[in-house]
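Some notes on the structure that comes next.
Every number in this text was worked out from the coordinates using simple rules, so none of it is lab data. Here the structure is a predicted model, which means the values were calculated and not measured. Cβ atoms come from the backbone with ideal geometry, glycine included; neighbour counts cover every protein chain shown.
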Amino acid sequence: MSHYRAMLRVRRFYSLNGNPIHEDRRLGRRYYQENNAVVSLGQHILIEGTDDDSPFVAQLLKLFWDVNSNQMKAVVHWFVRMHEIAQNKRKLLGRDPHPQEVFYYQDGSCDCEVNVETILGAVQVCAHIKRAKFAQGSRGPCSSRHLGNWSTVVKPLQAFTHSAVFNCVFVPLQAAPPTPQTPRHATPSIPNRSQPARKPGNMLEEARARLHVSSVPESLPCREQEFQDIYNFVESKVMDGTGGCMYISGVPGTGKTATVHEVIRSLQQAVEQEELPPFHFIEINGMKMTDPHQAYVQILQKLTNQKATADHAAALLEKRFSTPAPKKETTVLLVDELDLLWTRKQNVMYNLFDWPARKHARLVVLTIANTMDLPERIMINRVASRLGLTRMSFQPYTFKQLQQIITSRLNRVKAFEEDALQLVSRKVAALSGDARRCLDICRRATEICEQHGQQGSTGLVGMSHVMEALDEMFSSSYITAIRCASLQEQLFLRAVIAEFRRLGLEEATFQQVLVQHQALCRVEGLQPVSVSESLAVCQRLGACRLLLLEPSRLDLLLRVRLNVSQDDVLYALKAE
Ligand code: ATP
Ligand code: MG
């Protein structure tokens with residue numbers, strides 16, 4: 001852009017024709033109306049800056065003779081370039097700016113007077129982005145109504161071949177007021193959006209943020225009853241100063257963690273409003289521990305700030321929950337991903353269920369697990385009934401519920417076509433009812449929609465985007481292997497899932513699966529398989545790693561696991 005430098009080397013002369021149209025004696029200013037000038041009022045102008053290559057852009061509002069400084073001055077309205085906007089605010093634009101784009105600078109505190117000598121010349125703002133559309137050297141003011149939400153072309157009126165594309169958007173900017181000579185040092189910032197942006201790109205981004213699994217939704221539709229039951233359970237224990245344990249189970253993505261967190265938040269609010277005695281909330285997560293015995297260490301540390309080895313911590317906790325302490329406040333302990341605290345002797349889990357039943361413990365334990373029958377497996381029934389465990393099971397979401405969850409998270413951000421949302425919800429509900437998977441697929445679909453651009457479409461996420469996202473999510477060599485497997489192999493996989501679901505576990509013995517396998521054969525009108533046939537099928541599936549089989553064992557008690565997710569198996573078998 002050397003033409004600007006060339007321009008700066010030219011000495012500029014200014015004159016004002018005619019008489020002042022208005023005089024402000026108090027400020028010592030005489031205002032002029034420019035009729036036959038190179039620059040006219042209302043016109044857009046380039047103003048000398050510190051960088052010759054990118055002069056400032058402004059709109060000329062007034063011209064006056066400043067009696068105090070004996071100089072001719074101009075009142076202008078500033079525009080700013082992207083590099084003058086604070087780094088962290090740039091992303092709010094929601095797209096990449098054009099290198100020469102400028103933004104309407106809306107800040108009343110900004111000093112907007114410049115010496116007229118700094119004006120380089122006029123620029124023309126056109127309503128079209130195509131450069132060919134404006135005539136070289138054409139002139140005439142561009143009315144500010146053109147500075148709307150469209151791209152504009154700005155061109156110096158002097159004999160330069162350069163044309164600059166300025167997209168003038170009304171992004172309100174707040175900034176420390178720049179001096180007229182150095183507006184580029186201003187650090188304007190874009191205030192937060194009060195409404196979702198209307199542009200499709202931004203809207204998709206907004207939708208993506210709302211659908212992100214880590215974002216906390218404003219509400220948890222379809223879990224009102226579960227919320228209320230858990231709330232009542234904890235509230236009553238805290239009120240009475242007693243203790244208890246609740247066992248919450250359900251398949252992944254059914255909102256267990258989200259609901260319990262919401263309950264705790266609401267209870268803490270009740271404490272703040274003095275509707276509930278204060279309680280001490282601590283949380284541990286089986287997933288975040290390298291060894292189940294770490295649970296003792298973490299609970300002790302969170303409770304008392306004390307550090308101890310696992311054995312020592314266990315002894316200290318045992319003592320704490322067994323001895324009376326009159327002023328003890330209730331402790332609410334959330335143990336998430338309890339399944340992973342499984343030990344050979346099962347002592348960690350046992351203690352977690354047992355402590356709350358101690359007379360002096362004042363301990364409420366909320367345990368969350370995927371497995372339904374953990375308590376039975378670690379305790380003999382007599383103990384289970386003594387502990388009076390309260391149970392709650394989160395059912396997989398239905399199609400309608402998933403649709404409602406997504407719609408509520410999007411909260412009026414219209415990013416999806418109705419049938420596209422239906423398709424995701426139906427697919428996921430048919431497989432697992434996992435809201436997390438549903439959110440992931442929807443997010444991926446917004447990305448695919450964005451990548452495809454909007455040619456010929458509404459700009460909304462449609463069926464094709466969702467189908468592609470679904471395919472991606474479930475596509476793997478395993479899926480192909482399942483689709484190419486023999487009928488008996490496919491039936492065996494179905495039998496594995498049926499048995500897992502019956503048990504509420506991710507593992508079964510061959511014998512248990514066999515019963516399901518034979519039942520499925522009957523349902524399908526096939527000859528029932530023999531034990532050896534079924535075992536051979538099981539082995540083949542193990543050989544191609546669709547199943548994980550207990551090594552060096554080939555009998556009825558052979559333990560069987562899936563090496564792919566249940567979703568993937570069901571997807572491969574259903575989505576033909
Ligand atoms: P896991 O067993 O794998 O830990 P989970 O049952 O604890 O799963 P969450 O982590 O609570 O599942 O939920 C998974 C995701 O789905 C989270 O992002 C959560 O916000 C969202 N979600 C689940 N249920 C709802 C709901 N009813 N409304 C809105 N969002 C939900
Ligand atoms: Mg969870």
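Between LEU340 and HIS261, the contour length at 0.36 nm per residue exceeds the alpha carbon distance by 26.5 nm.
Mind checking which of VAL263, ILE284, GLY253 is farthest towards the positive end of region 231-288's charge dipole, using Cβ charges of +1 (Lys, Arg) and -1 (Asp, Glu) about the Cα centre? Sorting the options by dipole projection puts first GLY253.
Which residues' amide hydrogens lie under 5 Å from the amide hydrogen of LEU562, considering only partners 5 or more residues apart or on another chain, with H built in the peptide plane? Correct list: LEU548.
Qualifying GluC sites (Glu not before Pro) in region 209-292, where qualification requires a DSSP coil assignment and no more than 13 other C-beta atoms within 10 Å, comprise GLU218, GLU274, GLU275. Measuring between their Cα centroids, region 267-301 and region 393-453 lie 32 Å from each other.
Listed by chain and number, the aspartates and glutamates whose C-alpha is less than 13 Å from the C-alpha of LYS359, apart from same-chain residues fewer than 8 away, are ASP240, GLU318.
With only Lys, Arg, Asp and Glu charged, each at its Cβ (+1 for the first two, -1 for the last two), find how big the charge dipole of region 472-551 is about the Cα centre; round to the nearest 20 debye.
On the way: 7 positive and 8 negative charges, 29 e Å.
I would put it at about 140 debye.
Amide H to amide H distances under 5 Å link LYS328 with no residue, where only residues 5 or more positions off or on other chains count and H is placed in the peptide plane. Once the convex hull of all Cα atoms in region 419-523 is built, its volume per residue stands at 128 Å³.
The trypsin sites (Lys or Arg not before Pro) of region 281-348 that meet both conditions, a loop assignment by DSSP and at most 11 other Cβ atoms within 10 Å of the site Cβ, are LYS307, LYS327, ARG344, LYS345. The aspartates and glutamates whose alpha-carbon is closer than 18 Å to the alpha-carbon of LYS400, local same-chain residues fewer than 8 away aside, are GLU224, GLU226, GLU417, GLU418, ASP419, ASP434, ASP440.
Please go through region 455-555 and write out the trypsin sites (Lys or Arg not before Pro) that DSSP classes as loop and that have at most 15 other C-beta atoms within 10 Å.
Working: sites: ARG483, ARG494, ARG501, ARG502, ARG522, ARG540, ARG545, ARG553; in loops: ARG545, ARG553.
Listed in order of number, the matching sites are ARG545, ARG553.
Annotation for GLU329 and MET287: the two label points, set 7 Å from Cα along the Cα-Cβ direction, are 2.9 nm apart. Measuring against 25 Å, Cα to Cα, the residue pairs LYS256/LYS307; LYS288/LYS574; LYS237/LYS307; LYS237/LYS327; LYS288/LYS427 contain LYS256/LYS307; LYS288/LYS574; LYS237/LYS307; LYS288/LYS427 as the ones spanning a longer distance.
Averaging over every viewing direction, what projected area does the convex hull of the Cα atoms of region 504-576 cover, in nm²? Provide the component values of the computation, followed by the final result.
Working: hull surface 21.5 nm².
Directional mean of the projected Cα hull area for region 504-576 stands at 5.4 nm².
Taking max minus min of the alpha-carbon positions on each principal axis, region 226-274 gives extents of 35, 21, 12 Å, largest first.
Take TRP78, TRP355, TRP342 and order them by how many other Cβ atoms sit within 10 Å, fewest up front. Kindly include the intermediate steps, with their values, before the conclusion.
Working: TRP78 28, TRP355 22, TRP342 16.
Exposure proxy ranking, most exposed first: TRP342, TRP355, TRP78.
Neighbouring Cβ atoms within 10 Å as the yardstick, rank HIS212, HIS44 fewest first.
Numbers: HIS212 13, HIS44 29.
Fewest to most other Cβ atoms nearby, the residues stand as HIS212, HIS44.
FRET efficiency for the pair THR390 and HIS452, taken as 1/(1 + (r/R0)^6) with r the Cβ-Cβ distance and R0 = 41 Å, rounds to 0.25. Residue separation of GLN228 and ASP240 scaled by 0.36 nm, minus their Cα-Cα distance, works out to 2.5 nm of gained length. Is region 234-329 best put as rounded, prolate or oblate by its Cα gyration tensor, with a ≥ b ≥ c the root eigenvalues, rounded for a/c under 1.5, and otherwise prolate when a/b is larger than b/c, oblate when not? Verdict is oblate for region 234-329.
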